[in-house]
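Comments concern the structure below.
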Amino acid sequence: MKTLTMLKIIPIPAFADNYIWTLHDNQHAIVIDPGDAAPVRAYLDKHHLQLGAILVTHHHRDHTGGILELVEVYNSPVYGPRLEKIPGITHPLGEGDIVEIAALNLRLQVIDIPGHTCGHIAYLWNNSVFCGDTLFGCGCGKLFEGTHAQLHHSLQRLAALPDDTLAYCTHEYTELNLPFALACEPDNQQLKQREQDTHALREQNQTTLPFTMALEKATNPFLRCNEPAIIHNLELKLGHQLPANDELAVFTAMRKLRDLC
C-alpha cells in the first residue's frame with residue numbers, strides 16, 4: 001500500500017467555504033465530495049492527473065453537484081452511501097465496506113455516521129478520516145434528517161479514533177465555530193490557543209484543516225458534553241438544570257443552542 005507520505009492530500013476550494021479533498025500520486029487521483037466540477041477539472045488538468053474515482057459522504061448538493069459532469073468527462077466510478085439517492089453512484093456503500101482504488105493502491109474503510117443526513121458515511125485511511133459534514137473544527141453538522149442521538153453517537157465514533165487521526169471535513173468552519181465553543185467553555189486554555197492559531201491561519205488565507213482528534217477532543221464542546229464547566233454554562237444560558245449524568249441531553253441542548261446562533 002502507498003503510504004501517507006507518498007500520496008498528496010490537497011483541498012480544492014469550492015463555493016464560499018467548501019473543500020473538495022483530492023488524493024493523488026502525481027499521476028492518478030480521487031476526489032471526495034465534488035460539489036462543483038469546474039475547480040476539480042481545472043486542478044486535474046493543471047497537474048495532468050487522471051481521475052480514478054469519486055467518493056461521496058452524503059447527498060447534499062454542495063457535495064454532489066459536480067458528479068455527473070466529472071463522470072461524463074472522466075468515466076470514473078462513483079462510491080457513496082447506499083442509504084441515500086445520489087445520481088451517478090455506481091458503488092453503494094455502508095458500514096464495514098472497503099473501497100479499493102487499484103490505480104493508487106489505496107484501501108479505505110467505510111463507517112456509517114448518520115445524523116447530519118440519514119445515510120452519511122465517512123472514509124478511513126491510515127491515520128486519516130474524511131468525515132464530510134458530521135464533524136467540523138470546534139463544531140459539528142446540523143441535523144437535517146437524523147436525530148440528536150444519531151449525531152451524538154456518530155461523533156463519539158469519530159472521537160474514539162486514535163488521537164493522531166487527522167480529520168478532513170468539507171467546510172472551513174473552524175473560525176466561525178470558535179465564539180460558540182468559547183461561550184461554552186471560556187476558561188479552556190487550549191481552546192484559547194486554538195482561537196489564536198486559527199485567526200493567524202485565516203489571516204494568511206490558509207486552511208485550518210485537517211485537525212487531529214486529540215485537538216478536537218480538547219477543544220470541541222460537542223465532544224466534551226461531560227465537562228462540568230460546559231454543563232454549568234449551558235444551564236446558565238438555558239435557565240434550568242440539565243438531567244444529571246445524561247450526556248445526550250447535554251449534547252441535544254448544545255446543538256439546539258448552536259442552531260440559534
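Values as computed for the structure displayed
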| quantity | calculated |
| --- | --- |
| Number of positions in the range 160-193 that are among the small types (Gly, Ala, Ser), assigned to a helix (DSSP H, G or I) and buried (at least 18 other Cβ atoms within 10 Å of the Cβ) | 1 |
| Any hit, the range 247-255, residues being in contact (Cβ under 8 Å) with a residue 24 or more places away in the chain, in contact with a Phe, Trp or Tyr (Cβ under 7 Å, 6 or more places away or on another chain) and farther than 18 Å from HIS148 by Cα | no |
| Residues (within 15 Å of the chain's Cα centre (by Cα) and either modelled with pLDDT under 95 or closer than 15 Å to GLY65 by Cα (or both)) located in the range 22-45 | VAL31, ILE32, ASP33, PRO34, GLY35 |
| Leading residue by the ranking (nearest to LEU49 (Cα to Cα)) among those in the range 90-117 that are hydrophobic (A, V, I, L, M, F, W, C) and touching a helix residue (DSSP H, G or I) at 6+ places or on another chain (Cβ under 8 Å) | ILE111 |
| Verdict on LEU124 being touching a strand residue (DSSP E or B) at 6+ places or on another chain (Cβ under 7 Å) and surrounded by 16 or more Cβ atoms within 10 Å (Cβ to Cβ) | yes |
| Condition check for GLY137: in contact with a Phe, Trp or Tyr (Cβ under 6 Å, 6 or more places away or on another chain) and modelled with pLDDT of 95 or more | yes |
| Hits in the range 137-173 - residues which are of a type in the set (Asp, Glu) and in contact with a helix residue (DSSP H, G or I) (Cβ under 6 Å, 6 or more places away or on another chain) | ASP163 |
| Selected residue (criterion: farthest from the chain's Cα centre (by Cα)) from residues of the range 127-149 that are polar (S, T, N, Q) and crowded, with 19+ Cβ neighbours inside 10 Å | SER128 |
| Top-ranked residue in the range 151-176 [being free of Cβ contacts under 8 Å to residues at least 60 places away in the same chain and in contact with a His (Cβ under 9 Å, 6 or more places away or on another chain); ranked as nearest to ASN126 (Cα to Cα)] | SER154 |
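The values are calculated or read from the model by the stated rules, or taken from the named source; none is laboratory data. All values derive from a computational prediction rather than experimental measurement. Neighbour counts are summed over all protein chains in view; Cβ atoms, including those assigned to glycine, are modelled from backbone coordinates with ideal geometry.
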